[in-house]
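K.L.:
Okay, handing you the structure first.
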Amino acid sequence: MDEINPLPGNYHQALKLIDEAHAQDPRSVERKSGSVPFELDYAQHMTRWLAVREPRASPVLQLACRAQHFRRWEIPRSSYPMTRPGYLTWRAKLKSQAAKQVAELLADASIQPPLSQEEIDRVAALVRKEDLKTDSDTQVLEDVACLVFLDEQFEDFEKRPDIDEEKMVGILRKTWGKMSPSGHALALQMHLSERAKILIEKALGDKPSPLLPPPPPPHPPLNPRLPLRRRFIFPPKTHAFVTSAATDCHTHRSNSHTYSLITLRPRILRDVSRVSISTRILGHPVSSPIFAAATSLGTTVHPEGEKAIGKACKRLGVGMTVSTSASFSVGEIARVVKDCETVTEAEEEEKAIPPLWFQLYVDKDRSKSEKLLKLAVEAGVKAVFLTVDAPVPGKREADERISAEEAVGLSSGVPMTGEKAENDKSGGGLGRITGKFLDASVSWGDIAWLRRCLPEEVKIVLKGVQTATDAVRAMEAGVEGIVVSNHGGRSLDTAPATILVLLELQRCCPQVFDKMEVLIDGGVTRGTDVFKALCLGASGVGIGRGILYGLGYGEEGVRRYVQILNDELETTMKMCGITSLDEVHPGLLNTRAVDHLVPETVEEEHPYAKWRPSMRKKVI
Ligand SMILES: Cc1cc2nc3c(=O)[nH]c(=O)nc-3n(C[C@H](O)[C@H](O)[C@H](O)COP(=O)(O)O)c2cc1C
């Protein structure tokens, strides 16, 4: 139970008088404790929600809240015409009568010491809801009334035969419109029925869905792994979309688990009083090697989606990749990022704006991809990350099981691809449904096509390299970089953990690290993971899901999430005796526990099994 500012004695007496009046309501509701007069029950809910909305509420505001709907039963709705003007007149009458009666009650001689006339007038003005939107107390009171409506009355209201869906949607739209952002945030935290969520979505039309974001937490989690276990922060569909991975999720788990098998070799007694994690990625100065990996459909997590990620990355001074399937166009995101003010050290020191990169999924209709690339270049992206680990979408069962219609924040579809979030015969998997445009025929030859679409200064990075063989091929194809990635285990289950692939590159084709930039993502949830990837030659470390868990708390959450990882990285560096990222090297790690899992040659062949299907025919 939320605590509320305790009332002075005379206000307490006044509150008792108000409750005695409520208790005269002939209508009643059934509660576990027995039958309760309807208006008294309502007043108690008002106080309960006031404690949540404004625990420091003044005594005057507490009285006004408790006196909402004062003796409402005396003027039934039926006493006025059942028309809109009739409704408005009834409501005005209710307010003025309630304010008058409450003022008379508060002047009662039994209240000692008496309330001043000024205090009584203020309660009456609040009951009349004067100056809504400009008077913060009135706004609190309105928020509280709306929260009680949504929490306590909505379900019964919705069942009334005289209220059809259209009317209900209209009522919800007005309710939402009367509330402040703080009221909205609390409404989003309450347990709304699926029906209520659908109706609110409808009420808000094309506006980005507000149903998802949890309120900004007073203390965002210190442990960056924590959100993984906090299912409640997302509605079921968002949770399934963000956390799911391909089939049995082995790769997803081992991405993260393999980091824990690699141990650190701390060095002691070095001066680590000052440490810097600033570095360069793809030639661009950044304040940290951590960057936001491309993630799609950001508004399923927060109404501001990728815009919030972009602002956070800019303020942090770190890179961001905009997905082809982002909830906003790359131009829109770039504009928001450009307009957002920064206070980053990187910017002050280097006069640089952190880079925005564009992740490309190639469309079956190449002309659409070409147009998109043009827009991305116009938006100022510094590199294009061509995703190569998903010629087709992965099979993510948790996401398939929940209907796409339950997804929030996607009413206007995916802007850059035109895909809609609509169930099909196979289920509701958002990645698959919104990935129907993917061209599975993309091949090595298309790198030349991509190069032709881009100006010289825009770099090409292949995202999703998973073997030394392909890393060498990428180097030979002349791309500027690769991301060792398996799409966070979302594409092909039992593909190797990405940190193992990095070891494979070190073992089988170390020359690639000198010829192009090697980035990595997948399973990075701690500063020690970032450190290990850097020690094995990665120049940047992408975070997918973690950034989305942060995004649940909006821009602030993303900033906080990355900051936690930055702090952990700094601590790890100090404990390992280094002060700059130029000093990382594989000798700071012990990889023996996983060395046996790392392939030994760059050959296409299996080291000893030479069998081919054609041999079977010879035997039979
Ligand atoms: C919800 C979600 C959406 C994603 N969308 C895309 C995408 O549109 N394009 C892409 O190349 N990768 C996408 N990815 C993969 C990420 O870019 C990244 O490779 C992966 O999330 C890294 O693993 P991590 O989540 O363990 O950090 C997505 C990942 C998640 C979790």
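Please treat every number below as a calculation from the coordinates, not as lab data. If you're wondering where the values come from, they're calculated on a predicted model, not measured in any experiment. Because the Cβ atoms are built from the backbone with ideal geometry, glycine has one as well, and the counts that use them run over all protein chains shown.
K.L.:
On full extension of the chain, what length is gained from LYS159 through ALA23, given 0.36 nm per residue of separation minus the C-alpha to C-alpha distance?
P.N.:
Separation in residues times 0.36 nm, less the Cα-Cα distance, equals 46.3 nm.
K.L.:
Along the Cα-to-Cβ line of SER79, 7 Å from the Cα, sits a label point; which residues in the range 10-40 have backbone N less than 14 Å from it?
P.N.:
Residues 26 fall inside that zone.
K.L.:
Can you work out the FRET efficiency for the pair SER193 and GLU397, with r the C-beta to C-beta distance and R0 = 30 Å, to the nearest 0.05?
P.N.:
It comes to 0.70.
K.L.:
OK, next. Using Cα pairs closer than 8 Å and at least 6 residues apart in sequence, work out the relative contact order for the chain, in percent.
P.N.:
Relative contact order of the chain: 15 percent.
K.L.:
What distance in nm separates the two pseudo spin-label positions at ARG366 and GLN97, each 7 Å out from Cα along the beta-carbon direction?
P.N.:
For ARG366 paired with GLN97, the spin-label model returns 7.6 nm.
K.L.:
Also, I was wondering about something else. Of the options THR321, PRO355, CYS508, report the single residue whose Cα projects farthest towards the positive end of the charge dipole of the chain (beta-carbon charges: Lys, Arg +1; Asp, Glu -1).
P.N.:
Sorting the options by dipole projection puts first CYS508.
K.L.:
For the range 563-606 and the range 258-288, what is the centre-to-centre distance using only Cα atoms, to the nearest Å?
P.N.:
Each part reduced to its Cα centre gives a spacing of 10 Å.
K.L.:
Nearest 500 deg cm²/dmol is fine: what mean residue ellipticity at 222 nm does the chain get from its DSSP H runs of n ≥ 4 alone, each adding -39,500 (n - 2.57), divided by its residue count?
P.N.:
The helix-only estimate for the chain comes to -13500 deg cm²/dmol at 222 nm.
K.L.:
Continuing with the same structure: Assigning unit charges at the beta carbon (Lys, Arg +1; Asp, Glu -1) and nothing else, what dipole magnitude in debye, to the nearest 20, does the chain show about its Cα centre?
P.N.:
That gives the chain a dipole magnitude of about 1140 debye.
K.L.:
Moving on to the next point. So how far apart, in nm, are the two label points at GLN44 and ASP108 if each is 7 Å from Cα heading toward Cβ?
P.N.:
1.9 nm
K.L.:
What size of dipole, in debye to the nearest 20, comes out for the range 9-204 about its Cα centre when the only charges are +1 on Lys and Arg C-beta atoms and -1 on Asp and Glu C-beta atoms?
P.N.:
Magnitude of the dipole: close to 360 debye.
K.L.:
Could you state, as a whole-number percent, how many of the C-alpha pairs of the range 9-204 are farther apart than 31 Å?
P.N.:
Everything past 31 Å amounts to 17 percent.
K.L.:
Given the Cα-Cα distance of LYS174 and LEU597 and 0.36 nm per residue of separation, how much length would full extension add, in nm?
P.N.:
So the chain would gain 146.2 nm between LYS174 and LEU597.
K.L.:
Which trypsin sites (Lys or Arg not before Pro) from the range 410-482 combine a DSSP loop assignment with at most 16 other Cβ atoms within 10 Å?
P.N.:
Qualifying residues, ordered by number: LYS420, LYS425, LYS436.
K.L.:
FRET efficiency for GLU476 and GLU405, Cβ-Cβ distance as r, R0 = 35 Å, nearest 0.05?
P.N.:
Result of the calculation: an efficiency of 0.15.
K.L.:
Based on C-alpha coordinates, I'd like the Rg and Dmax of the range 1-102, in Å.
P.N.:
My reading of the Cα-based Rg and Dmax gives 14.8, 44 Å.
K.L.:
How large is the Rg to Rh ratio of the range 291-342 when both quantities use alpha carbon positions and Rh follows Kirkwood?
P.N.:
0.92
K.L.:
Given the convex hull over the Cα atoms of the range 394-453, what projected area results after averaging over all orientations, in nm²?
P.N.:
5.2 nm²
K.L.:
Enumerate the amide H contacts of GLY540 below 5 Å, restricted to partners 5 or more residues apart or on another chain; note that Pro and chain-start residues carry no placed amide H.
P.N.:
So GLY540 has HN proximity to ILE520.
K.L.:
At most 12 other C-beta atoms within 10 Å and a DSSP loop state: those are the exposed GluC sites (Glu not before Pro) I care about. Give me the longest piece of the chain that has none.
P.N.:
Maximal segment without exposed cleavage sites: 4-340.
K.L.:
With unit charges on the beta carbon (Lys/Arg positive, Asp/Glu negative), name the residue among LEU372, GLY310, VAL541 whose Cα is farthest towards the positive pole of the charge dipole of the range 226-595.
P.N.:
VAL541
K.L.:
Could I ask something else about it? Give me the three principal axis extents of the chain from the C-alpha atoms, as integers in angstrom, largest value leading.
P.N.:
Its Cα atoms span 99, 63, 48 Å along the three principal axes.
K.L.:
Additional query: Give me the number: length gained by fully extending GLU604 to GLU30, i.e. 0.36 nm times residue separation minus the C-alpha to C-alpha distance, one decimal in nm.
P.N.:
199.3 nm
K.L.:
In whole Å and largest first, what semi-axes does the C-alpha gyration tensor of the range 437-544 yield when each eigenvalue is scaled by 5 and square-rooted?
P.N.:
Value: 23, 16, 13 Å, ordered largest first.
K.L.:
Can you list the residues of the range 174-203 with backbone N under 18 Å from a point 7 Å past the Cα of SER412, pointing along Cα to Cβ?
P.N.:
In the range 174-203, the label zone of SER412 (backbone N under 18 Å from the point 7 Å along Cα→Cβ) covers 201-203.
K.L.:
Now for a different question. Relative contact order for the range 226-595 using alpha-carbon pairs under 8 Å, separation at least 6, rounded to a whole percent?
P.N.:
Result for the range 226-595 is 26 percent.
K.L.:
What is the P(r) of the range 226-595, as percent of Cα-Cα pairs per 10 Å bin from 0?
P.N.:
P(r) over the range 226-595, rounded to whole percents: 5, 26, 37, 25, 7, 1, 0.
K.L.:
By its C-alpha gyration tensor, with a ≥ b ≥ c as the square roots of the eigenvalues, how is the range 295-450 shaped: rounded for a/c under 1.5, else prolate for a/b larger than b/c, else oblate?
P.N.:
oblate
K.L.:
Using θ = phi - 60° and the Karplus curve 6.51 cos²θ - 1.76 cosθ + 1.60, what whole-Hz ³J(HN,Hα) does each residue of the range 584-600 get, with Gly and Pro shown as x?
P.N.:
Once rounded to whole Hz, the list reads 5, 6, x, x, 7, 10, 10, 10, 4, 5, 10, 4, 5, 8, 8, x, 9.
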